[in-house]
Amino acid sequence: MTHILHRAANAVMPTAIGGKGIELFDSSGKTYIDASGGAAVSCLGHGHPDVLAAMHKQLDTLAYAHTGFFTSDVAEQLADRLIEDAPAGLDHVYLVSGGSEGVEAALKMARQYFVEKGEPQRRHIIGRRLSRQYARRAGGRRQ
């Protein structure tokens, strides 16, 4: 029994135990082509020696330093690289780990901007209620 709530609640998921290139391997020995595309790194393949070497080099140096309290050479190099391609006038980056954290940070920055401008009353954010609206009709059909 699993304690993981999968998207299909009653599905019995294969257990991935390894990967190489474009393939994943499960615990029964079955091979799959990994065409999920869900993770941002999936386009790199599994076990690429250059990627593994870069990861090991960084882990041997420093696994993690909270960006709220420290900077690091690799963080500074990434920021420099991002600014190289940024539109004119953008000269700083704020590093986060993913999209949800990025949206949250953008909302907080927008709020802080107006607080520091002396306009703390500007605290409302306008956004869509849902990305896809459904209207219920008689009979329960969705539009």
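The values are calculated or read from the model by the stated rules, or taken from the named source; none is laboratory data. None of these values were measured; they are calculated from a predicted model. Positions of Cβ are generated from backbone atoms using ideal geometry, with glycine treated the same way; all protein chains shown enter the neighbour counts. What goes into the accessible areas is simple: the full protein's heavy atoms, side chains included, and nothing from ligands, DNA or RNA. Shrake-Rupley method; radii C 1.70, N 1.55, O 1.52, S 1.80 Å.
Take the Cβ-Cβ distance between Asp26 and His48 as r, set R0 to 25 Å, and report the resulting FRET efficiency rounded to the nearest 0.05. List each step's numbers first, then the result.
Working: r = 21 Å, r/R0 = 0.82.
Efficiency at R0 = 25 Å is approximately 0.75.
Using 0.36 nm times the number of residues separating Gln58 and His3, minus their current alpha carbon distance, what extension gain do you get? Please report the intermediate quantities before stating the final value.
Working: separation 55, 0.36 × 55 = 19.80 nm, distance 3.29 nm.
Full extension from Gln58 to His3 adds 16.5 nm.
Explain nothing, just the number: dipole magnitude of the chain about its Cα centre with +1 on each Lys and Arg Cβ and -1 on each Asp and Glu Cβ, in debye rounded to the nearest 20.
On the way: 17 positive and 15 negative charges, 320 e Å.
Approximately 1540 debye in magnitude.
Straight-line reach from Lys108: which lysines have a Cα under 28 Å away, not including same-chain ones fewer than 8 places off?
Partners within reach: Lys117.
What aspartates and glutamates does Lys57 reach when the alpha-carbon gap must be under 19 Å and sequence neighbours fewer than 8 apart in one chain are set aside?
Hits, sequence-local ones excluded: Asp73, Glu76.
First compute the accessible area of the chain with a 1.4 Å probe, then give the percent of it belonging to carbon and sulfur atoms. Mind dumping the intermediate values first?
Details: 7460 of 13020 Å².
Answer for the chain is 57 percent, counting heavy atoms of protein chains only.
Residue-wise, which Karplus ³J(HN,Hα) couplings in Hz belong to region 107-117, taking 6.51 cos²θ - 1.76 cosθ + 1.60, θ = phi - 60°, and x for glycine or proline?
In residue order, the calculated couplings are 5, 5, 5, 4, 4, 4, 4, 6, 4, 6, 7 Hz.
Below 8 Å between Cα atoms, with a sequence gap of 6+, how large is the relative contact order for the chain in percent? Mind showing how you got there, number by number?
Working: 72 pairs, mean separation 12.8, N = 143.
Answer for the chain is 9 percent.
Which order, highest average first, do 113-120, 3-10 follow once you tally other Cβ atoms within 10 Å for each residue and take the mean per peptide?
Ranked by mean Cβ neighbours within 10 Å, highest first: 113-120, 3-10.
If packing is taken as the average count of other Cβ atoms within 10 Å, what order do 85-97, 68-80 fall into, highest mean first?
Numbers: 85-97: 9.3, 68-80: 11.0.
My ranking of the peptides, most packed first, is 68-80, 85-97.
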